[in-house]
Amino acid sequence: MISSDLWVWLSVGLTLAIWSTLYKATKFFRWAQYTYIAVVVSHSVVTGIGTLRDRFVPLTTGINYLLILSLILGIMSLLISWRKYAWMASIPIALMVGLGAGLSLYTLINTDFLGSIRSTLTEATQIVGVAPATALANSARVIITVLTAFYFLFTIRLKGPASRLTTVSKYLLLMVFGFTVGNALTSYNTYFVASLKRVLVEWLGFGV
């Protein structure tokens, strides 16, 4: 039985409109595209107004005067729309990019770089005296990590039989990239199945 829920009809309509691009860039696809952009922009504007309210109200009550800094920087960023004062918008943008880069670099070094070294050393100490499956898994991770690191040692040129380590490392990297792409395709497949279920089950009522 076909659904009578208006929201299901709207969702399916947008889904079918997006799917129409498989044929060509139809008017239905543009309608769905513009609708999505309008909803995202509207949501961002409402969220921005709510954030501005949350930053401004505490200033009037004297709770936290430091919030005036975020208010001033936010107003300065809006000046990018005026050519005469657009230079002032570069200040909050520079602060945002600088702080974001600093925090990201700290997190990257602490988790990816140092964290990988710590986990590799820990796994290297858990190869002997553990279950065979655990020893095999830890050995594989340690060997793959070390061999992959050889691929990026551009300052040291390996010669002779040792140069084959670079080739092995390249194949290991390709395997990792393949697994990454496969996982990404799996997640996209989940979205597709959910959309297909929405059309066939929730809208047309098949299998209900």
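A few comments on the model shown:
- Only one of the numbered conditions (1) assigned to a helix (DSSP H, G or I); (2) at pLDDT below 85 is violated by Thr155, and that is (1).
- Residue pairs whose Cβ atoms lie under 7 Å apart, sitting 6 or more positions apart in sequence or on different chains, and linking a residue in the stretch 52-71 that is hydroxyl-bearing (Ser, Thr, Tyr) to a partner that is modelled with pLDDT under 75, are Tyr65/Leu59; Ser70/Arg55.
- Verdict on Leu14 being touching a helix residue (DSSP H, G or I) at 6+ places or on another chain (Cβ under 7 Å) and either on the phi > 0 side of the Ramachandran plot or not β-branched (Val, Ile, Thr) (or both): yes
- Test: residue in the stretch 55-69 that is of a type in the set (Lys, Arg) and either modelled with pLDDT of 85 or more or out of contact with any helix residue (DSSP H, G or I) (no Cβ under 9 Å at 6 or more places or on another chain) (or both): no
- Here the stretch 160-208 is the region considered, the condition is being over 27 Å from the mean Cα position of the chain (by Cα) and among the polar types (S, T, N, Q), and the residue that is nearest to Phe150 (Cα to Cα) is Thr166.
- Condition check for Thr21: closer than 22 Å to Leu204 by Cβ and either under 26 Å from the mean Cα position of the chain (by Cα) or modelled with pLDDT under 90 (or both): yes
- Among (1) loosely packed, with under 12 Cβ neighbours inside 10 Å; (2) in a helix (DSSP H, G or I); (3) hydroxyl-bearing (Ser, Thr, Tyr), the one test that Thr35 misses: (1)
The values are calculated or read from the model by the stated rules, or taken from the named source; none is laboratory data. These numbers come from a predicted model, not from an experiment. Every residue, glycine as well, gets a Cβ built from its backbone with ideal geometry; the counts of neighbours run over all protein chains shown.
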